Amino acid sequence: MWRRVGGLGLVAPLIAVASIIACRQLVGITDNPPTDLTSTLCGLPYGTSLCASCASTNCCAESTACSTDPVCSPYESCLGACNGDSKCRSQCTIDISVGATATVSALSACLAARCETECALPCGAVAGYISEPDAAVGCQSCIASNAGTCARARAWGASVDGDAYWRCYLACSTPDCRQACGSANDAGAALFEAFEQQDYSGTCSAPCAFGNDWACVGHVSWPSLPEGATVTTTFSGKVTDTFNNLSSVSGVTLSTCGDCPCPSGLNPGLGSGTTDDAGQYSYEVSFTVGTSGLGLNSCTELTSDAGGLIPTLEYNEFPLSQSLYMGPSQGFVVETLRGFQALAQTAGYTIDPSRSLMVAAGINDCLGFPAAGVALSIDVQAPNMVPFYGTSADALQRKVTDQSGSAGFFNVPVESSLDDGGASGAGLGSATLTATFLGRPVARVTVVTQAGTATTPGMAPGP
């Protein structure tokens, strides 16, 4: 029973009640919970009032900024409706492309850092960013089950720079574009790399389906450039020998053209270099953008006057639009004829010098990681052509790629007769390789073949 004080006996309790009502209305609580609970605060829906309240308290500025951004708002609204479900979050990430959008990274990182429990975002909730929907739940469970894995995932997912790096990466379809994302967000790239090397490609590779993201198939577009623009890109890296423990190879000449053989009357040289004593090379390649608006889809021919090296035709199989630095331990891999003959003898077949000694592909998924479980076919058929998968001792017995993503064929006949443009050594052919995952075509490439050479294209989903 309230005691009256003069004429204001009920003022104090009424003020208290009014304050309670105002607070309840602020977080969406009415007299009829829980069906009337609101989950929309600071301009965005959050699925639950608990998550909305946390976002309002800790990330309201980021949420409000996102709500007025036509790219951020639909994406974060989609994520909010998922209530933390990894499968749902993965589908949102596939369906709504956001690219390098600052408002997305600011809000996503804030929620991962400050509303992990309230918004059901354990360990940065990164599974929805790195796995397709069918794998996302198992991926998230694996990440959460290991303290070290969880800590690395959280460090990446709760970092604005880490999120910005990955949003940029997801929007890219070529390695040079992805590398530029790392240069622009180097701290975030380092956080992702720590998680990727130990956990995504390691501890949780199977449940996260590492190397088996094919969500982009049928939806890839290459970067476009202004017609007539002159682009200069840097080719750099290291040449190593497959059959000699990947040791460096000096004195190798690298010539880059729009196609191979390179250079020739049909394929003028665009740049060239020679490896030093450490096997390193670095040279500039310049080209003019044509009517397609695409960058340079190049082939690099590797030869050596020292003898013993199998001439190699290396295809990028993506249009370069900027510099691609491969680093001191990355680059092109070559084979010596002596090592190749030893391999053939061990495998029980005879090298046919009238054929292409090898057509071998490095197959990557939509995220640019080596693809396991992929079958490879070729449109050339002949006796004594030997398929292989991977780089391990069972390469000739396997039927699909291992985690190296490597596959190919030895002794490929050069069946077609192509104009070599006046290049030394006639007898050019072509071969089309098709990569399939669980019976679904995911990548295709057509390359030049030549007697006594090796052809090694990269393969990834394309337009």
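Think of the chain as a dipole: +1 on every Lys or Arg Cβ, -1 on every Asp or Glu Cβ, centred on the Cα centre; then among 192, 223, 300, 192 lies furthest on the positive end. When 284, 301 are arranged by Cβ crowding within 10 Å, least crowded first, meaning fewest neighbours, the order is 284, 301. Its DSSP H runs of at least 4 residues, each contributing -39,500 (n - 2.57), put the calculated 222 nm mean residue ellipticity of the chain at -9000 deg cm²/dmol, to the nearest 500. For the chain, excluding the exposed loop sites themselves (chymotrypsin sites (Phe, Trp or Tyr not before Pro), DSSP loop, at most 15 other Cβ atoms within 10 Å), the longest remaining stretch covers 3-348. In segment 40-203, taking the dipole from charged Cβ atoms about the Cα centre, the farthest positive-side position among 53, 104, 160 is held by 53. With Cα atoms as the point set, the radius of gyration and Dmax of segment 140-294 evaluate to 19.9, 60 Å. Shape call for segment 55-122 from the C-alpha gyration tensor, a ≥ b ≥ c root eigenvalues: rounded (a/c under 1.5), prolate (a/b greater than b/c) or oblate? Note, shape of segment 55-122 comes out oblate.
Positive-end ranking of 142, 350, 435 along the dipole of the chain, with charges on Cβ about the Cα centre, is headed by 142. Using only Cα atoms, find the angle between the long axis of helix 186-195 and the longest principal axis of the chain, and express it within 0 to 90 degrees, rounded to the nearest 10. Rounded to the nearest ten degrees, it is 80.
About its Cα centre, the dipole of the chain is roughly 1400 debye, where the only charges are +1 on Lys and Arg Cβ and -1 on Asp and Glu Cβ. Segment 103-151 and segment 249-280 have their alpha-carbon centroids 45 Å apart.
DSSP beta bridges fully contained in the chain are about 80 percent antiparallel. Let me check against my output: what whole-number percent is the relative contact order of segment 40-203, with C-alpha pairs under 8 Å and at least 6 apart? That works out to 20 percent. Computed from backbone phi, the HN-Hα couplings of segment 431-442 come to 9, 10, 9, 10, 9, 10, 10, 6, x, 9, x, 10 Hz, rounded to whole numbers (Karplus: 6.51 cos²θ - 1.76 cosθ + 1.60, θ = phi - 60°; Gly and Pro given as x).
Computed log10 I(q)/I(0) for segment 262-372 at 0.18 Å⁻¹: -1.20, from the Debye equation with unit scatterers placed on every C-alpha and solvent omitted. Between residue 345 and residue 117, what FRET efficiency follows from the Cβ-Cβ distance if R0 is 56 Å, with the result rounded to 0.05? Efficiency, rounded to the nearest 0.05: 0.35. Taking other residues whose beta carbon is less than 14 angstrom from the beta carbon of residue 193, and scoring Lys, Arg as +1 and Asp, Glu as -1, yields -2.
Taking other Cβ atoms within 10 Å as a rough exposure proxy, 204, 177 sort from fewest to most as 177, 204. Our coupling estimate for segment 220-225, obtained by passing each phi through the Karplus curve with A = 6.51, B = -1.76, C = 1.60 and θ = phi - 60°, is 7, 10, 7, x, 9, 10 Hz, Gly and Pro reported as x. Of the residues 137, 448, the one with the fewest other Cβ atoms within 10 Å heads the list, and the complete ranking is 137, 448. Based on the alpha-carbon gyration tensor of segment 230-459 and its eigenvalue square roots a ≥ b ≥ c, which shape applies: rounded if a/c is under 1.5, prolate if not and a/b is larger than b/c, or oblate? Judged from the Cα gyration tensor, segment 230-459 comes out rounded (a/c under 1.5).
Give me the net charge of residue 222's neighbourhood, meaning all other residues with Cβ under 12 Å from the Cβ of residue 222; Lys, Arg count +1, Asp, Glu -1.
Charge balance in the 12 Å sphere: -2.
Taking a ≥ b ≥ c as the square roots of the eigenvalues of the Cα gyration tensor, segment 240-310 is prolate, since a/c reaches 1.5 or more and a/b is larger than b/c.
Measuring r between the beta carbons of residue 381 and residue 197 and using R0 = 60 Å, the FRET efficiency lands at 0.90.
D for the chain, whole µm²/s, Stokes-Einstein with Kirkwood Rh over alpha-carbon pairs at 25 °C and 0.890 mPa s: what number? Translational diffusion coefficient: 98 µm²/s.
Please give the direction-averaged projected area of the C-alpha convex hull for segment 40-203, in square nanometres with one decimal. Don't skip to the answer; put the middle values down first.
Numbers: hull surface 33.1 nm².
Averaged projected hull area, Cα only: 8.3 nm².
The local environment of residue 384, defined by Cβ-Cβ distances under 11 Å, has a net charge of 0 under the rule Lys, Arg +1 and Asp, Glu -1.
Every number in this text was worked out from the coordinates using simple rules, so none of it is lab data. Given the structure is predicted, the values throughout are model-derived calculations rather than measurements. As a convention, Cβ positions derive from the backbone with ideal geometry for all residues, glycine included, and neighbour counts pool all protein chains shown.
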